[in-house]
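Structure first, commentary second.
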Amino acid sequence: MDDEIKELIDAYIEFEQSPQGSEKREQLFWTFEKFDELNSENPEVCWNALLEILNRMPEDNIEGMMAAGILEDFIENHGGDFINKIEEEATKNISLKTLLGGVYECSTDTVWVRIMNIRGQEW
């Protein structure tokens, strides 16, 4: 993983840990936009960055925007190509399984059924 992606991950984690409405959170909103760009341009790097965030964030901080934001967008855009990886990772990564519980219905019907079968409790 290159230094630019590592910096993005660090900044995104800081963004997620900053209080809603805080100046710090506003300053770091670019990270959300950068993930949107990464999702479009390089899904494999985006997937690996998502997993790194999950590995580094405390479990009580992984909800909210990450579920209904970057992960949901990723599944919407690349679920068909990545569903096997998502399923495999969710079987061994409780944080991903939990996070999938907060993703709203997206992607194709086939992908969504598979997501529903592997995700944790809906929240």
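Taken together, the values in this text are just the output of simple stated rules run on the coordinates, not laboratory data. The shown structure was predicted, so the numbers you read here are calculated from the model rather than taken from an experiment. Cβ sites come from the backbone with ideal geometry, for glycine too, and all protein chains shown count toward neighbours.
So here's what we get for this one:
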read-out	value
Likely footprinting exposure, Val45, Val103, fewest C-beta neighbours within 10 Å first	Val45, Val103
Overall Cα dimensions of the chain - principal axes, largest extent first, Å	40, 29, 23
Filter on Lys24/Lys85; Lys34/Lys85; Lys6/Lys85; Lys24/Lys92 - keep pairs with C-alpha separation over 25 Å	Lys24/Lys85; Lys24/Lys92
Helix-derived mean residue ellipticity, 222 nm - over the chain, DSSP H n ≥ 4, -39500 (n - 2.57), to 500	-21000 deg cm²/dmol
